[in-house]
Amino acid sequence: MERRRKLGRGLALLLTIGLVGASAAVPAAAEDQDGTGGGPAAQVEWGECPADVVAQAQPHVLTCATVSVPLDYAEPDGEQIDVMISRLASTNPAERRGILLLNPGGPGSAGLDFPAVLKSRGMPDSVLDAYDLIGMDTRGVGHSTPVDCKFTMDDAYFSNVPPYAVDDAAVLVNADVARSAAEQCARNDTEGHMQHVTTANIARDLDRVRAALGEDKASFLGYSYGSALGAAYASLFPETSDRVIIDSNVGDTALDREGLRRFGLGTEQTFPDFARWAAKRHAAYGLGRTPAQVRATYFETAERLDQSPVEGLDGTLFRFVSFAGLYGESSYAGLAQTWQSVRNGDGEAALRLAETFRPDIGFGAGPVGAGTVGVGATAAGEPWPASNAWSAYLAVTCNDVDWSENVDTYREAVAEDRQRYPLYGAATANVTPCAFWSNEPVEPPVRITDEGPRNVLIMQNRRDPATPHLGAELAREKFGERARLVSVDGSGHGVYVIGGNACALNAGTAYLVDGEMPRRDQSCRAD
């Protein structure tokens, strides 16, 4: 177990800081709901970014600033916390039309370098001219006032994505681990900040940032969990939100149990793309001559590792790595190599290979192994580099909705999803620390509203392992005529700029730059 945790922690970082995955006392009136507290806009002083952000953003130069926001928007004049933002400023004053707030997903993803990431990935010049791109470490994360459960390298809890449960007994074992993680978070929340790290409050922070920057309106682009944040922002602030794109959609304003279980559906829908890819390359990788044979190879390998782990890699980690490898075709070769190493009996090589491929999840979070300290021995109690990211993920996810506390509910769900979604359903239906969270939600999730301007463009691949197309359909239905949906005949996580589909890139750019919303829902063919 210890060796498996050390090998797999870098992989866990990938999924916890880039996945989907999220409200303070319920506002009674619109003037309370906006969260601005009626005060004057803050004075924003731009300066040099922290050294780690500078390094991550190279060769692009960002500036950074701090905005103070209420810890609890029910008490706007009470304790204040810091939110750090970054800026990639437009250099074309004649074309500039405002600010574009960005979120790379998570919850828990650091986002200060995200403007540079998007520029490096090919954000069109017309968008860069039209907007100052504004990144953010959301409340609880990174250089903003952080929360931290103080996870260490030797904790049993090693991923915010629940582990695959090979049988019912494994669900009970994981329940004990999840309970311990929740108790650890409660012990280390000494300042009482964690209960206020919610999607609704992050959306209110966005509007505080808008006001602090002196803008009447703000546009928004968010991926994965950022789709939930964008949906909350457009719903809480229909009058000050400008052009909103939500990409790779959770389907609501929070990641709840059903949203997490949809990872199983997304894996089933996306795996055939990898299977076809691998089957065409059987002579190189030897994973099967047909997609059906590749699928059989997956099950045979996972079940063999359940019985006999190879150098620290068991069936749970193998399934986890395979799920991560579906986030984009750019990861397929690394995933195929990883499978080869597993089948050759070299578990350490398999995980080292997996740490080199870069699924598009988190968009700038780094390769699969980012933050890992390597395979070698570690000191007892050594801090885990992703502890803050994991902690923020748990805070948002557990605070946004009221999760079932009945372990039998999860046991039944795992048994059901093992049959419905055999590739990965027995993982994503498993118990999370939210089942044992110490704080009850202080308000219900933000309700998506169809009242307001038509200003929400929903973008979605038809095959996405974590946020399947169903999530976009749910969001489209809830927004009604406020939204239009652009569906791409593509595979992976991330569409606009990230995915590379020409039709989708053109549609998103036309909306951001010229305000051209498709007249009706649009389907984009594969390039």
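Kindly evaluate Leu128 against the criterion of being in contact with a helix residue (DSSP H, G or I) (Cβ under 8 Å, 6 or more places away or on another chain), closer than 30 Å to Gly515 by Cα and open to solvent by 10 Å² or more (accessible area, probe 1.4 Å).
yes
Mind checking which pairs have a first residue in region 41-63 that is small (Gly, Ala, Ser) and a second that is part of a strand (DSSP E or B) and open to solvent by 30 Å² or more (accessible area, probe 1.4 Å), Cβ under 8 Å, 6 or more apart or different chains?
Every condition considered, the pairs that remain are Ala42/Ser68; Gly47/Thr63.
Would you check if Tyr225 is touching a strand residue (DSSP E or B) at 6+ places or on another chain (Cβ under 6 Å) and aromatic (Phe, Trp, Tyr)?
Judged against the criteria, Tyr225 is not a match.
Pairs, please: C-beta under 6 Å, at least 6 apart or cross-chain, first residue over 24 Å from Ala116 (Cβ atoms) and open to solvent by 80 Å² or more (accessible area, probe 1.4 Å) and in region 68-95, second part of a loop (DSSP other than H, G, I, E, B) and aliphatic (A, V, I, L, M)?
Glu79/Leu71
Restricting attention to region 154-201, which residues are of a type in the set (Val, Ile, Thr) and more than 23 Å from the chain's Cα centre (by Cα)?
Matches in region 154-201: Val166, Val171, Val173, Thr190.
Is there a residue in region 427-444 that is open to solvent by 10 Å² or more (accessible area, probe 1.4 Å), of a type in the set (A, V, I, L, M) and part of a helix (DSSP H, G or I)?
No, every residue in region 427-444 fails to be open to solvent by 10 Å² or more (accessible area, probe 1.4 Å), of a type in the set (A, V, I, L, M) and part of a helix (DSSP H, G or I).
Kindly indicate which of Ala234, Ala203, Ala211 is modelled with pLDDT of 95 or more, out of contact with any Asp or Glu (no Cβ under 8 Å at 6 or more places or on another chain) and either surrounded by fewer than 24 Cβ atoms within 10 Å (Cβ to Cβ) or within 18 Å of Gln337 (Cα to Cα) (or both).
Testing whether each residue is modelled with pLDDT of 95 or more, out of contact with any Asp or Glu (no Cβ under 8 Å at 6 or more places or on another chain) and either surrounded by fewer than 24 Cβ atoms within 10 Å (Cβ to Cβ) or within 18 Å of Gln337 (Cα to Cα) (or both) leaves just Ala211.
Restricting attention to region 216-237, and to residues there that are within 21 Å of Glu481 (Cβ to Cβ) and part of a loop (DSSP other than H, G, I, E, B), which single residue is farthest from the chain's Cα centre (by Cα)?
Lys217
Look through region 499-527, keep the residues that are outside any helix (DSSP H, G or I) and among the polar types (S, T, N, Q), and return whichever of them is least open to solvent (accessible area, probe 1.4 Å).
Checked region 499-527; the qualifying residue least open to solvent (accessible area, probe 1.4 Å) is Asn501.
When you go through Thr467, Thr449, Thr428 one by one, which is the residue that is in contact with a Phe, Trp or Tyr (Cβ under 7 Å, 6 or more places away or on another chain) and either modelled with pLDDT under 95 or of a type in the set (S, T, N, Q) (or both)?
Sole residue among the options that is in contact with a Phe, Trp or Tyr (Cβ under 7 Å, 6 or more places away or on another chain) and either modelled with pLDDT under 95 or of a type in the set (S, T, N, Q) (or both): Thr428.
Based on what the data block shows, is Ala116 modelled with pLDDT of 95 or more, out of contact with any helix residue (DSSP H, G or I) (no Cβ under 6 Å at 6 or more places or on another chain) and of a type in the set (A, V, I, L, M)?
No.
Go through (1) open to solvent by less than 50 Å² (accessible area, probe 1.4 Å); (2) at pLDDT below 95 for Glu31 and report which single condition fails.
(1)
Examine region 113-121 for a residue that is of a type in the set (D, E, K, R), open to solvent by 20 Å² or more (accessible area, probe 1.4 Å) and not in a strand (DSSP E or B), and state whether such a residue exists.
Scanning region 113-121 turns up at least one residue that is of a type in the set (D, E, K, R), open to solvent by 20 Å² or more (accessible area, probe 1.4 Å) and not in a strand (DSSP E or B).
Can we say Pro59 is exposed (fewer than 12 other Cβ atoms within 10 Å of the Cβ), out of contact with any Asp or Glu (no Cβ under 8 Å at 6 or more places or on another chain), not basic (Lys, Arg) and not in a helix (DSSP H, G or I)?
yes
Table: residues versus (1) under 27 Å from Phe436 (Cβ atoms); (2) surrounded by fewer than 23 Cβ atoms within 10 Å (Cβ to Cβ).
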site: Asn188; (1), (2): yes, yes
site: Ala218; (1), (2): no, no
site: Val244; (1), (2): no, no
site: Asp247; (1), (2): no, no
site: Thr253; (1), (2): yes, no
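Just checking, which of Asp148, Asp77, Asp72 is touching a Ser or Thr at 6+ places or on another chain (Cβ under 6 Å) and not β-branched (Val, Ile, Thr)?
Asp148
Considering only residues that are open to solvent by less than 30 Å² (accessible area, probe 1.4 Å), among the polar types (S, T, N, Q) and at pLDDT 95 or above, which ones fall in region 132-179?
Thr138, Ser144, Asn174, listed by residue number.
Does region 390-413 include one or more residues that are modelled with pLDDT under 95 and either polar (S, T, N, Q) or not in a loop (DSSP other than H, G, I, E, B) (or both)?
Yes, the conditions are met somewhere in region 390-413.
Within region 458-492, how many residues turn out to be of a type in the set (A, V, I, L, M, F, W, C) and under 19 Å from the mean Cα position of the chain (by Cα)?
7
Would you please name the residue that is least open to solvent (accessible area, probe 1.4 Å), looking only at residues in region 290-330 that are under 30 Å from Ile498 (Cα atoms) and outside any helix (DSSP H, G or I)?
Filtering region 290-330 for residues that are under 30 Å from Ile498 (Cα atoms) and outside any helix (DSSP H, G or I), the one least open to solvent (accessible area, probe 1.4 Å) comes out as Gly328.
Are any residues in region 389-405 among the acidic types (Asp, Glu) and open to solvent by 10 Å² or more (accessible area, probe 1.4 Å), and if so, which ones?
Listed by number, the residues that qualify are Asp402, Glu405.
The values are calculated or read from the model by the stated rules, or taken from the named source; none is laboratory data. Here the structure is a predicted model, which means the values were calculated and not measured. Here Cβ is always computed from backbone atoms with ideal geometry, including for glycine, and neighbour counts include all displayed protein chains. Each accessible area value is taken on the protein alone, full model and side chains, heavy atoms only, with ligands, DNA and RNA left out. Shrake-Rupley method; radii C 1.70, N 1.55, O 1.52, S 1.80 Å.
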